[in-house]
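Q: Below are the structure tokens for one structure; questions will follow.
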């Protein structure tokens, strides 16, 4: 077998990682070499070597201490329930994660507590028990008529591993059993779902014609299906990035949409701070909507008032289903992340000053530091391709392909609108 290299590089730009798997008995693993005061692994060779030497000394001393019978000054037990609670509180106090992330991790750790028990000593959990936990997770319902996917199982394991890592850093534990599990479950490998240009054009037309139902249970319906779906499909932003846009992030003068951190949400990485083109089709959709939003007051482009105050929308799947089903899709077939892939595929077909657009340009618009993710994940080649100067999804350009579905959509929406008018007349 080839010898493992102590320092390896990955990502774009290449960042340094240390291979400490030979110290698994004392918690060693593959880990990023991060300089003090920074959040990302270093890109400097000399700094990486110095950080690797420091961590190597740490693991050597830890192994030497264990062989000599030394133990950390830890309590008799580290109960899972209390450790998980303190872990989440500490993350919140140090502002290391968003509230949404903390809520998700809390749900993951709650399932771990359900399986192992709140009083289970984390020092006593072994790799075999972690494997049994993963198998148990795989049997749980996912709320959509199926069972939990391996990708979701991996999220649960990562949350638990992060808890162990924090306790090891605080010298309350010595070993993370998940770091010794060599082949943890991974998400099934398959091409991500996305929409071709004509399919996205049909969905946007459905969103344009869509009229929200009357409020139910005292909650206001989301009145911005068309501008929201257009913003997702015509900016390539991550779902949280688009949902957290403020009115001032849209500039009709500069013709840009700017993704920047604000009080509603953070950005994923340092390269996520960016401006993307405000394409002509999006200008036409957003101009009247932004004007009406400014009259209403508030800061968010797509606000929610479920708490009585302006807050960020966190779940719009029912809205997507309502729009998509009028155009012939089934519930659950259209999801927010698809639009990022859709934008990338469409953008790769555009022209930049008469030449094919650079892959690196597309990557920067997606908020990536390099083009690796575009080539490996987000780039797709559809059956219907066209070169144009702008990203656009217009039904007029795909009339021949879409004619039967457009006729069905307009007939369906027309009947629904008539039914609403009849109901209003009766009331």
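Q: Could you state, as a whole-number percent, how many of the C-alpha pairs of segment 197-426 are farther apart than 21 Å?
A: On the way: 15275 of 26335 pairs.
In whole percent, the share of Cα-Cα pairs in segment 197-426 beyond 21 Å is 58.
Q: On to the next question. Give the Cα extents of the chain along the principal axes, in whole Å, largest first.
A: Taking the Cα atoms of the chain, the three principal extents are 83, 55, 41 Å.
Q: Which value in Å does the Kirkwood hydrodynamic radius of segment 1-70 take, with 1/r averaged over all unlike C-alpha pairs and then inverted? Intermediate results must be reported in sequence, preceding the final value.
A: Details: mean 1/r = 0.0780 Å⁻¹.
The answer is 12.8 Å.
Q: For segment 272-358, what is the convex hull volume of its Cα atoms per residue in Å³? Let's see the in-between values first.
A: Values: hull volume 14.3 nm³, N = 87.
Per residue, the Cα convex hull of segment 272-358 comes to 164 Å³.
Q: Segment 103-155: percent of C-alpha pairs farther apart than 16 Å? Mind showing how you got there, number by number?
A: Values: 600 of 1378 pairs.
I get 44 percent for the Cα pairs in segment 103-155 exceeding 16 Å.
Q: Still on this structure, please answer the following. Separation of segment 148-165 and segment 293-322 by C-alpha centroid, Å?
A: Between the Cα centre of segment 148-165 and that of segment 293-322, the gap is 31 Å.
Q: For the residues 295, 184, what sequence is obtained by ranking on other C-beta atoms within 10 Å, fewest first?
A: Working: 295 7, 184 16.
If I rank by nearby Cβ atoms, fewest first, I get 295, 184.
Q: Using the Cα atoms of segment 74-190, I'd like the radius of gyration and the largest Cα-Cα distance, Dmax, both in angstrom.
A: 14.2, 46
Q: How tilted is helix 317-326 with respect to the longest principal axis of the chain? Cα atoms for both, answer in degrees (0 to 90, nearest 10).
A: So the helix axis and the longest Cα principal axis differ by about 40 degrees.
Q: So what does log10 I(q)/I(0) come out to for segment 328-375 at q = 0.26, 0.27 Å⁻¹, using the Debye formula with one equal point on every Cα and no solvent?
A: Taken in order of the listed q values, log10 I(q)/I(0) reads -0.94, -0.99.
Q: Another question about this same structure. Using only Cα atoms, tell me the angle between helix 99-116 and the longest principal axis of the chain; keep it within 0 to 90° and round to the nearest 10.
A: Between the helix axis and the principal axis of the chain, the angle is about 50 degrees.
Q: Let me see the pair-distance distribution of segment 321-415: every alpha carbon pair, 10 Å bin width, integer percents in order.
A: That works out to 14, 37, 31, 16, 2, in percent per bin.
Every read-out reported here was derived from the displayed coordinates using simple, explicitly stated rules and does not represent laboratory data. If you're wondering where the values come from, they're calculated on a predicted model, not measured in any experiment. Note that we place each Cβ from the backbone using ideal geometry, even for glycine, and neighbour counts take in every protein chain shown.
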